[in-house]
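As structure tokens, the structure follows; a few thoughts come after it.
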Amino acid sequence: FSRASVMEGRSSGGFNPYAPMQIPRETRDTRSYRYLNSDLALLPQWASGHIDHGTEEDIKRECINMLCERNPLFRHMVNIKLVKNPRKNFINLILKQDYQDMIHHEYKNEHYHCFFVSNKFEPYIIVTVVNKETGPVIKLTPELVSDLRASVASFVSSRKIVNETYHYTTLSERMGTRDDGFARQNKSHSTKFHLKIRVPSDFIPTHMRAMQMLDLSQLRQTLEPVKYNFSRVNMTSTEIWDLIRNEARENL
């Protein structure tokens, strides 16, 4: 899909999630697949005609498993749609909305560190941690904190962001309204771990083309919701990592 080509990343350890997507055919055991060829085309017996709901779900599972052989992050980034019509059945791959603003990712010790441009009219990059098997992480361990700090430092350095500050919603605040149905629907933040990096205002339109159509500097002066997003109290690098590291230790 188109946005994947602009995402950047680095990896450490034995698994390389940034290798070219193409897998040599001789390394693939196509006999293990019931519904799809190695290029995700439906096998002839499924390429036309009626497909019941149960078979459709089996096809989707097989498709995502095949994609995950190329990159486990596909499991969390992509929705599979089986298009069924009288002439031809085929697979569509749809990038989930949550990942459409991702501009960078790194891989360390079975986890992805994903960097997103915020879509909330605010000057922040949002960083999340995604386990390659189970998805977005809620609580960090001290080891995950150490790996994440290295990835953030690499990102900040590569983008030449100086004197950056941070905003962080603590675990207790994220989980505070988890069991309250009404509050959960109306809460202002996700329960999953997310760290915000304050960046210069011109960083956002540079990395999110839609924002180039708007005068963000004017909006922050005239619209109250945007004023608020630009006025948040932030923390220094030392303060934020001390807070996150101590929180991780307390939750062991």
* Asked: Filter segment 166-176 for residues that are surrounded by fewer than 18 Cβ atoms within 10 Å (Cβ to Cβ) and of a type in the set (S, T, Y); which is farthest from the chain's Cα centre (by Cα)?
  -> S172
* Asked: Taking only pairs six or more apart or across chains, which ones have beta-carbon atoms under 7 Å, a first residue in segment 220-239 that is surrounded by 13 or more Cβ atoms within 10 Å (Cβ to Cβ), and a second residue that is of a type in the set (S, T, N, Q)?
  -> N234/T165; M235/T165
* Structure fact -> Scanning segment 83-100 residue by residue, those in contact (Cβ under 8 Å) with a residue 12 or more places away in the chain and open to solvent by less than 40 Å² (accessible area, probe 1.4 Å) turn out to be N89, I91, L95, Y99
* Structure fact -> The lone condition K120 fails out of (1) closer than 17 Å to S190 by Cβ; (2) modelled with pLDDT of 95 or more; (3) touching a helix residue (DSSP H, G or I) at 6+ places or on another chain (Cβ under 7 Å) is (2)
* Do we find a residue being over 26 Å from the mean Cα position of the chain (by Cα) and crowded, with 16+ Cβ neighbours inside 10 Å anywhere in segment 59-75? -> no
* Qualifying position, being among the acidic types (D, E) and open to solvent by less than 10 Å² (accessible area, probe 1.4 Å), among E122, E143 -> E122
* E26 passes all but one of (1) at pLDDT below 95; (2) part of a helix (DSSP H, G or I); (3) under 25 Å from F116 (Cα atoms); which number fails? -> (3)
* Asked: What pairs can you find where one residue is in segment 150-174 and within 12 Å of I240 (Cα to Cα) and of a type outside the set (S, T, N, Q), the other is open to solvent by 50 Å² or more (accessible area, probe 1.4 Å) and in a helix (DSSP H, G or I), and their Cβ atoms are less than 7 Å apart, with a gap of 6+ or different chains?
  -> Y168/L243
* Structure fact -> Here the residues within segment 194-210 that are modelled with pLDDT of 95 or more and assigned to a loop (DSSP other than H, G, I, E, B) are H194
* To do: Using the structure shown, decide if R209 is in contact (Cβ under 8 Å) with a residue 12 or more places away in the chain and open to solvent by 40 Å² or more (accessible area, probe 1.4 Å).
  => no
* In segment 125-136, how many residues are open to solvent by 60 Å² or more (accessible area, probe 1.4 Å) and free of Cβ contacts under 8 Å to residues at least 24 places away in the same chain? -> 1
* Could you check, for segment 212-228, whether at least one of its residues is under 19 Å from T128 (Cα atoms) and either part of a helix (DSSP H, G or I) or modelled with pLDDT under 90 (or both)? => no
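The values are calculated or read from the model by the stated rules, or taken from the named source; none is laboratory data. Here the structure is a predicted model, which is why all the values come from computation and not from measurement. Note that each Cβ is placed from the backbone with ideal geometry, even for glycine, and that neighbours are counted across all protein chains shown. Note: accessible area is taken over every heavy atom of the protein model, side chains too, but ligands, DNA and RNA are not part of it. Shrake-Rupley method; radii C 1.70, N 1.55, O 1.52, S 1.80 Å.
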